[in-house]
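The values are calculated or read from the model by the stated rules, or taken from the named source; none is laboratory data. All values reported here derive from a predicted model rather than from experimental measurement. Counting neighbours? That spans all protein chains shown, and the Cβs are built from the backbone with ideal geometry, glycine included.
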Ligand SMILES: Nc1ncnc2c1ncn2[C@@H]1O[C@H](COP(=O)(O)OP(=O)(O)O)[C@@H](O)[C@H]1O
Ligand SMILES: Nc1nc2c(ncn2[C@H]2C[C@H](O)[C@@H](COP(=O)(O)O)O2)c(=O)[nH]1
């Protein structure tokens with residue numbers, strides 16, 4: 001395809017706009033994704049990952065208005081451009097797996113293995129304490145387990161929003177300065193929210209077809225709007241038989257989970273296998289279909305076994321370097 005240099009005026013989300021000569025294909029205009037560009041006529045950091053197809057070319061006047069907003073953002077954040085360039089280097093990976101398979105325990109191991117890896121926990125405490133501006137907070141996790149027919153949809157809207165915020169969180173400074181491979185590791189993701197839990201609730205009849213249509217509509221919209229900022233470079237799937245997870249769940253003794261039966265964990269296990277092993281779950285995001293998955297045998301009791309821990313870390317390191 002013929003390429004030609006052009007000045008591109010592209011809208012970059014809420015507070016950024018790029019206006020810089022960049023080369024682009026004749027029929028496709030490209031813009032920089034919101035998080036990763038610094039606005040300065042002389043300096044624009046571009047990498048392949050930053051380029052996303054533009055939804056439109058904007059008038060000069062609109063660009064002027066947007067530029068004003070961008071400049072005020074730059075004043076506020078100082079050397080944001082360089083930081084954004086570095087954010088761009090950070091890989092994002094989620095840990096997926098059944099309830100009580102050992103995600104948090106594994107996350108602790110990763111945290112202690114390298115300061116270039118940041119582990120972001122699942123926002124469970126937010127679900128346990130929803131601020132209702134009344135005297136006491138509501139425990140939505142408990143409500144969902146006690147009456148899934150009534151609360152499953154509400155739960156999925158809140159869990160997904162909290163996961164969204166978690167995934168959009170900016171990485172800490174130390175990751176921006178990392179020399180090796182900096183990685184942000186999330187416990188679960190907006191994708192497991194949909195393709196594991198919400199889907200399972202649909203199969204159980206706890207989310208109605210109307211609720212499911214509504215969920216899928218806003219979920220797809222949000223994921224598409226945030227684009228690259230929500231993409232994962234890899235997934236670590238901790239896999240163990242549901243029986244083992246059930247035992248661990250009992251040992252952990254979380255109050256809300258007292259009524260969780262083995263059958264529920266079996267269903268979630270099947271959902272994980274369909275998505276991450278058989279790859280038979282219908283997915284709606286192209287990039288997600290191609291995400292590399294590292295499967296680890298989480299039935300091994302590694303807490304006291306430093307050889308197993310070393311083996312896990314080696315596999316994870318190789319995986320991070322490969323993605
Ligand atoms: N590999 C393991 N071997 C034995 N027990 C484990 C292992 N991983 C986790 N556990 C225990 O199982 C329970 C659930 O682990 P946790 O990390 O909280 O799971 P998750 O975050 O996946 O829900 C905890 O009591 C933890 O100590
Ligand atoms: N119905 C849903 N339940 C969820 C979802 N994400 C997590 N959970 C539950 C499962 C556990 O009881 C608890 C925390 O999970 P861990 O596996 O980290 O222990 O929250 C969800 O999206 N829907």
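List of remarks:
- From the list 100, 152, 137, the one residue that fits, being within 9 Å of ligand 2 (Cβ to nearest atom), touching a helix residue (DSSP H, G or I) at 6+ places or on another chain (Cβ under 9 Å) and free of Cβ contacts under 8 Å to residues at least 60 places away in the same chain, is 152.
- Selection status of residue 100, modelled with pLDDT of 95 or more, in a loop (DSSP other than H, G, I, E, B) and under 25 Å from residue 308 (Cα atoms): yes
- Within region 213-256, tally of residues that are buried (at least 18 other Cβ atoms within 10 Å of the Cβ), away from ligand 1 (no atom under 16 Å from the Cβ) and more than 23 Å from residue 293 (Cβ to Cβ): 1
- Taking (1) more than 16 Å from ligand 1 (Cβ to nearest atom); (2) in a loop (DSSP other than H, G, I, E, B) in turn, residue 122 satisfies each apart from (1).
- Filtered by the rule that a residue be touching a strand residue (DSSP E or B) at 6+ places or on another chain (Cβ under 9 Å) and part of a loop (DSSP other than H, G, I, E, B), region 125-144 gives 129, 131, 132, 137, 139.
- Filtered by the rule that a residue be more than 15 Å from ligand 2 (Cβ to nearest atom) and surrounded by fewer than 17 Cβ atoms within 10 Å (Cβ to Cβ), region 117-134 gives 131, 132, 133, 134.
- For region 158-176, the set of residues classified as assigned to a helix (DSSP H, G or I) and either more than 10 Å from ligand 2 (Cβ to nearest atom) or modelled with pLDDT under 95 (or both) consists of 161, 164, 165, 166, 167, 168, 173, 174, 175, 176, listed by residue number.
- All positions within region 292-323 that are within 25 Å of residue 233 (Cβ to Cβ) and in contact with a helix residue (DSSP H, G or I) (Cβ under 9 Å, 6 or more places away or on another chain): 292, 293, 294, 295, 296, 298, 302, 309, 312, 313, 316, 317
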